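Structure first, then comments.
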Amino acid sequence: MGYMEKNEDRKSPGEHSFPASGIECFRDRLLQAMGSEKPRAFAKRAGVSEGAVRSYLSGDTFPGLDRLVHLAQALGSDAQWLAFGKEELTPAPQMDDYALVPLYDAQCSAGGGAWNEGCRVLTHISFTRYSLRKQGLTPDHLSAIRVDGESMEPILHSGDTVLIDHTRTSVEGEGIYVLRLDGHLYAKRLQRQFDGIAIISANKEYEKIFVPRDRMDELEIVGRAVWSAGWL
């Protein structure tokens, strides 16, 4: 069963009837979505007459489908919610929507330094492909390890998991990178300077390390840290 606009002579040729369930509260949802905006201003923005808007707000008439879409777009609202009080359901994500990134048992020292050779995959961390794509990341070029030490506090805490983008192995401005130096793995802030690279700890109790240009071959940048997580 459908409803027709109560005042048929006001109905434009493009308007149609649609199911009446929930439509009785249309005026309330329209008022809620409009907020403090005046009917005249909203009508102009939505491309409808002020009289039509006032008629909707009084409950005398209801919009047809075509006009409902224009109203919803102008309000930034979901058309189904505006008409019936129900939002369109988003389909549940499927497994193909997720990428699994390996978490290695190698610990990234943020203090004295520790590196376990022959590390194995402990588990995998799932990320939506959409979220990675938004950050310009490719799952095949990512891995994760855990931080060990307190030199990067309060940014990174011991036990935090860090996601590494292995495509970013050169210092681009200033950022947190995972690097290997003298056989140890570190998570540090790197800063490119004129005569080398500064390795900086967030914890002020740790001194800055400077790698001069003539020793740059001893510094291996594993990748840039692009995400971290840990227990509160």
Response to the item:
For the range 176-198, the count of residues that are out of contact with any Leu (no Cβ under 6 Å at 6 or more places or on another chain) and either among the basic types (Lys, Arg) or over 24 Å from ASP105 (Cβ atoms) (or both) equals 11
Response to the item:
In the set LEU132, LEU103, the lone residue that is part of a strand (DSSP E or B) and either at pLDDT 90 or above or among the hydroxyl-bearing types (Ser, Thr, Tyr) (or both) is LEU103
Worksheet item: Inside the range 154-232, counting only strands (runs of 3 or more DSSP E) that do not spill past its ends, which hold 1 or more residues that are more than 23 Å from the chain's Cα centre (by Cα) and surrounded by 14 or more Cβ atoms within 10 Å (Cβ to Cβ)?
Response: 174-181, 184-193, 196-200, 209-212, 219-229
Worksheet entry | Filtered residues of the range 171-219 (kept if within 21 Å of LEU156 (Cα to Cα) and of a type in the set (Gly, Ala, Ser)) | GLY173, GLY175, ALA187, ALA198, SER201, ALA202
Worksheet, complete the sentence: Of the residues in the range 186-220, those that are under 18 Å from ARG168 (Cα atoms) and of a type in the set (Asp, Glu) come to ASP217, GLU218, GLU220
Discussion item. I'm checking my understanding of the structure. Among residues of the range 137-153 that are acidic (Asp, Glu) and surrounded by 16 or more Cβ atoms within 10 Å (Cβ to Cβ), which one is nearest to the chain's Cα centre (by Cα)?
Written reply: GLU153
Discussion item. Going by what's in this entry, would LEU57 be described as buried (at least 19 other Cβ atoms within 10 Å of the Cβ), within 15 Å of ARG29 (Cβ to Cβ) and not β-branched (Val, Ile, Thr)?
Written reply: no
Worksheet, complete the sentence: Reported set for the range 117-142 where residues are basic (Lys, Arg) and in contact (Cβ under 8 Å) with a residue 12 or more places away in the chain is ARG120, ARG129
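The values are calculated or read from the model by the stated rules, or taken from the named source; none is laboratory data. Predicted model, so just to flag it, every value in this text is computed and none were measured. Note that each Cβ is placed from the backbone with ideal geometry, even for glycine, and that neighbours are counted across all protein chains shown.
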